[in-house]
Amino acid sequence: LIRNAKKELMFKVVVIGDFGVGKTSIIKRYAEGIYSTSYKITIGIDFSIKKLNWNENTHIIIQLWDVAGHERFGSLTSVYYRYAAAAIIVFDLTRPETFKSVKKWLYDLRSKIAKSVPIILLANKGDVNISNVPSCIIDFCDKNDILAWFVTSAKDDTNIDEAMFILIKTIYEDY
Ligand code: GDP
Ligand code: MG
């Protein structure tokens, strides 16, 4: 009799977007349930782990990779993207120029990753301003093959679990 023989799947998810949009805050909120207003100034690659009891036979372990400062150079090395199963692109609703950068991050990702991966787009800081959602966002996601988009708040814990669920469900179904 084999009990507790749950399968464990590990997926790497990269979180990209301009400096200050809330990537680290979203990761910490999702993986650790915490939020802090202090900027993290560490440089390097860092990741957080979230373990999910996905279904009767499966645990899913999500490795959320945080660029921790390197995004200020405008692009990342292919080592950061390597073996990623999915990507999250974040922009900041209070700074419209960070939405313009989404295209650049999409290009950076797709030019450095071997296979096509599911991507979600997060319009973060929705607690401050939701009237700023770009009117072209639905069209933008369609045209750029982005799976889904959400208005999120790492501060208020809005839509982060929901967004992650859609992303992980897609990774799992494609797996
Ligand atoms: P990163 O550079 O993309 O990792 O951004 P951080 O997570 O370091 O966040 C940058 C700043 O924005 C910090 O002061 C955060 O506290 C703040 N911030 C992050 N998410 C939110 C949010 O959802 N709402 C608000 N109001 N501020 C946020
Ligand atoms: Mg950060």
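The values are calculated or read from the model by the stated rules, or taken from the named source; none is laboratory data. Computed from a prediction, not measured in an experiment: that's the story for all the values here. Neighbour counts run over all protein chains shown; Cβ positions are idealised from the backbone, glycine included.
Tabulated data
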item: Selection within region 158-175 - more than 12 Å from Pro118 (Cβ to Cβ) and either surrounded by fewer than 16 Cβ atoms within 10 Å (Cβ to Cβ) or among the acidic types (Asp, Glu) (or both); result: Asp161, Glu162, Phe165
item: Leu122 being within 16 Å of ligand 2 (Cβ to nearest atom), at pLDDT 95 or above and within 15 Å of the chain's Cα centre (by Cα); result: yes
item: Residue in region 130-145 that is surrounded by fewer than 17 Cβ atoms within 10 Å (Cβ to Cβ), of a type in the set (Val, Ile, Thr) and more than 15 Å from ligand 1 (Cβ to nearest atom) present; result: yes
item: For Lys125: the one exception among (1) touching a residue at least 24 places away in the same chain (Cβ under 8 Å); (2) out of contact with any Asp or Glu (no Cβ under 8 Å at 6 or more places or on another chain); (3) surrounded by 16 or more Cβ atoms within 10 Å (Cβ to Cβ); result: (2)
item: Condition check for Trp149: in contact with a Gly (Cβ under 7 Å, 6 or more places away or on another chain), buried (at least 16 other Cβ atoms within 10 Å of the Cβ) and in contact (Cβ under 8 Å) with a residue 24 or more places away in the chain; result: no
item: Selection within region 56-76 - more than 25 Å from Lys169 (Cα to Cα) and in contact (Cβ under 8 Å) with a residue 24 or more places away in the chain; result: Ala68, Gly69, His70, Glu71, Arg72, Gly74, Ser75, Leu76
item: Matching residues in region 72-100 - criterion: being closer than 23 Å to Pro134 by Cβ and in contact with a strand residue (DSSP E or B) (Cβ under 7 Å, 6 or more places away or on another chain); result: Ala86, Ala87, Ile88, Ile89, Val90, Phe91, Asp92, Leu93, Thr98, Phe99
item: Meets criteria (over 18 Å from Phe150 (Cβ atoms), within 16 Å of ligand 1 (Cβ to nearest atom) and assigned to a loop (DSSP other than H, G, I, E, B)) for Ser75; result: yes
item: Tally, over region 58-115, of residues that are of a type in the set (A, V, I, L, M, F, W, C) and loosely packed, with under 15 Cβ neighbours inside 10 Å; result: 4
item: Selection count where residues are part of a loop (DSSP other than H, G, I, E, B) and farther than 18 Å from His70 by Cα, scope region 90-114; result: 5
